[in-house]
Amino acid sequence: MPGKWPESDDPTVFQIGIREMNKDSISEPGKVWQRVQDIFTQFCQAGNVYKRASALWLTSPVAAADIQPREMVVYLVKNHSVSLIDRKPLPNIVIGLTRLHPTHLSEVYYDHPFLRDEPIFLANIIIHELMHNKLNMGNEMHDLAPFAGAAGGFLQDTMPDINMIERMLQSKLEPTGTDIRTMAPALPRVWPQFLG
């Protein structure tokens, strides 16, 4: 069944939904979705299936008829106390989570001090959580990062406890060869997504 997202019927476009749970809570959504789209387009162009990515900013619930099985959704929730995954106390360093079963669910906590008024950092965490989602991997995904540190790629663990120099590098983070080689063949994989 064709999807309702703008380019769901184009098999050369990989679409990503960014679901803002509280409308107008993100001050610069354009910077966020553009960054997510640009990085995923690099993943697409390294493979043989998709020509580009398209990121969609969503402010209303996603229905099953809206998306194709290969597409993904990430949820922007205020903080862990309103998590869609789990509301158990977590360390303060957690700024996003991905649950893999029974349906894949990725969420990012936009009100975390590390992400507030930092649209590029927010986009970077979205990309990281969507990589967990598409690769169907928990924390073992971090072991794939080629090296540790702020410039270690999107596969690395996302720790907000970094110094100012590392923060500057994080804002300029680009996919490593390992990021691209890992993600490009994974994009066509189908994982059921939580819809809400």
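The values are calculated or read from the model by the stated rules, or taken from the named source; none is laboratory data. Bear in mind that the values here come from a model prediction, so they are computed numbers and not experimental data. Backbone-built Cβ (ideal geometry, glycine too); neighbour counts: all protein chains shown. In case anyone asks, the SASA skips ligands and DNA or RNA and just uses the protein heavy atoms, side chains included. Shrake-Rupley method; radii C 1.70, N 1.55, O 1.52, S 1.80 Å.
Between the residues 25, 57, 94, the greatest Cα displacement towards the positive end of the dipole of the range 19-99, with unit charges on the Cβ of Lys, Arg, Asp and Glu, is found for 94.
For the chain, a simple Cβ point-charge model (Lys and Arg +1, Asp and Glu -1, everything else neutral) yields a dipole of about 240 debye relative to the Cα centre.
Please label the shape of the range 66-147 as rounded, prolate or oblate, based on the square roots a ≥ b ≥ c of the eigenvalues of the alpha-carbon gyration tensor (a/c under 1.5 means rounded; beyond that, a/b larger than b/c means prolate, else oblate). All intermediate terms of the calculation are to be shown ahead of the outcome.
On the way: a/c = 1.37, a/b = 1.20, b/c = 1.14.
Judged from the Cα gyration tensor, the range 66-147 comes out rounded (a/c under 1.5).
On a per residue basis, the chain carries 47 Å² of accessible surface, using protein heavy atoms and a 1.4 Å probe. From the cross-link list 51/78; 31/78; 31/134; 31/51; 31/88; 23/51, which pairs have alpha carbons spaced over 25 Å apart? Those over the limit are 51/78; 31/88; 23/51.
Work out the length of the dipole vector of the range 1-84 about its Cα centre, built from +1 on the beta-carbon of each Lys and Arg and -1 on the beta-carbon of each Asp and Glu, and round it to the nearest 20 debye. Before the final figure, lay out each step's value.
Working: 9 positive and 9 negative charges, 33 e Å.
The dipole of the range 1-84 has a size of about 160 debye.
At an R0 of 35 angstrom, the distance between the Cβ atoms of residue 181 and residue 24 translates into a FRET efficiency of 0.40.
Summary value for the chain: 24 percent relative contact order, contacts being C-alpha pairs under 8 angstrom separated by 6+ residues. Tell me, what ³J(HN,Hα) does each residue in the range 82-91 have, in order and in whole Hz, if you take phi through Karplus 6.51 cos²θ - 1.76 cosθ + 1.60 with θ = phi - 60° and put x for Gly and Pro? After applying 6.51 cos²θ - 1.76 cosθ + 1.60, I find 10, 4, 7, 9, 6, 9, 5, x, 10, x Hz. Annotation: amide H-H contacts under 5 Å for residue 154 (H modelled 1.01 Å from N, sequence separation of 5 or more, or interchain): 176.
In the range 1-51, what percent of the accessible surface is made up of carbon and sulfur (1.4 Å probe, ligands and nucleic acids excluded)?
Details: 1300 of 2710 Å².
C and S fraction of accessible area: 48 percent.
Rounded to the nearest Hz, the phi-derived 3J(HN,Hα) couplings of the range 44-59 under the Karplus curve 6.51 cos²θ - 1.76 cosθ + 1.60 (θ = phi - 60°) are 4, 5, 8, x, 10, 10, 10, 8, 7, 10, 9, 9, 10, 8, 10, 10, where x marks glycine and proline.
Going 7 Å from the Cα of residue 87 along its beta-carbon direction, which residues of the range 12-32 have the amide nitrogen within less than 18 Å of the resulting point? Answer for the range 12-32: 21-22.
Subtracting the Cα-Cα distance of residue 111 and residue 45 from their residue separation scaled by 0.36 nm leaves 20.5 nm.
Taking 16 Å as the straight-line reach from the Cα of residue 4, none of the lysines fall in range once those fewer than 8 positions away in the same chain are excluded.
For residue 52, the residues whose amide H sits under 5 Å from its own are 14, ignoring neighbours fewer than 5 places away on the same chain, with H placed 1.01 Å from N.
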